[in-house]
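Notes follow the structure.
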Amino acid sequence: MSDESIIPEDNDDVLAAELSLGLLSGDALTHAQRRARTDLRFASLVEDWDIHFSSLTETIDPVAPPKGLFDKIKAQAYPESPQRIWKKLGILPALIGAGAAALVLIIAMQFGNYMQPTTPVASLVAEVVAEDESIIVAAAYVEDSQTLFVEWQVGDRIPDRDVELWLVADGDAISLGVLSKEGKVTEVSIPAELRNLLVGGALAVSDEPLGGSPTGVATGEVLAVGPITTL
């Protein structure tokens, strides 16, 4: 590397060549760049070297990059690309709603190492949506862990009240607990006797007192309902 302190003042040609080649660093680089902006003679030297070095490649035949090289570079530069996660999970996001798709990505990125074979993969999803779409709750079930991940995505929560989640199947509504507040994803462990009820069932959320319904059935307004879909 060149050092400004050891470059003679009359050796501008060498300095210009080194600047053109990108060989300078630190104070030497700062000094040379400043001179190239303010010293017309030095700037002309740098331009001459730029032209000279670029002409050296004119006799080299262009080579097409190997097929797939750009994808490999992109994969290494952006390992957290959502497109790569969808491909690894084997899910087409167009097949599910935007809210459920976002939650599936959250599960892959936040609740598992999606770059490893242990990536949690959702097998069931649901979008629990109010009629006027003022409330949207997304849910995704990961069979390997028997866990239902639920996220309140759209809508204002009522102060000093809880939102309770219900599994609706065979004409019954079964409480799955209250949803976490402050935008957190709620993890619900689904007991063995309820897993078969998820397929073909629906999810609903209701407004309840703090801690949930005291009676085991919804006591407040049913805020939204949505069917459970198999991926």
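Which value in Å does the Kirkwood hydrodynamic radius of segment 4-55 take, with 1/r averaged over all unlike C-alpha pairs and then inverted? Before the final figure, lay out the partial values.
Values: mean 1/r = 0.0923 Å⁻¹.
Roughly 10.8 Å, rounded to one decimal.
By counting other Cβ atoms within 10 Å of each Cβ, how are 150, 63 ranked from fewest to most?
Ascending number of Cβ neighbours within 10 Å: 63, 150.
Based on the mean of other Cβ atoms within 10 Å per residue, sort peptides 133-142, 53-62, 153-162 so the most packed one is first. Don't skip to the answer; put the middle values down first.
Details: 133-142: 21.9, 53-62: 7.5, 153-162: 12.9.
Going by the mean number of other Cβ atoms within 10 Å, highest first, we get 133-142, 153-162, 53-62.
When you count, for each residue, the other Cβ atoms within 10 Å and take the mean per peptide, how do 29-36, 191-198 rank with the highest first?
Listed from highest to lowest mean packing, they are 29-36, 191-198.
Extension gain residue 51-residue 197, at 0.36 nm per residue separation less the Cα-Cα distance, in nm?
Gain in length upon complete extension: 45.3 nm.
Distance between the C-alpha centers of segment 22-39 and segment 157-201? Whole Å please.
64
Output ³J(HN,Hα) for segment 124-138: one whole-Hz value per residue in order, computed from phi by the Karplus curve 6.51 cos²θ - 1.76 cosθ + 1.60 with θ = phi - 60°, and x for Gly and Pro.
Rounded to whole hertz, the list is 9, 9, 8, 10, 9, 10, 5, 4, 8, 6, 6, 10, 9, 10, 9.
Read-outs throughout are calculated quantities, based only on the coordinates presented, and are distinct from any laboratory measurement. The model shown is predicted, which means the values in this text are computed figures rather than measured ones. Glycine also receives a Cβ, built like all others from the backbone with ideal geometry; neighbour counts cover every protein chain displayed.
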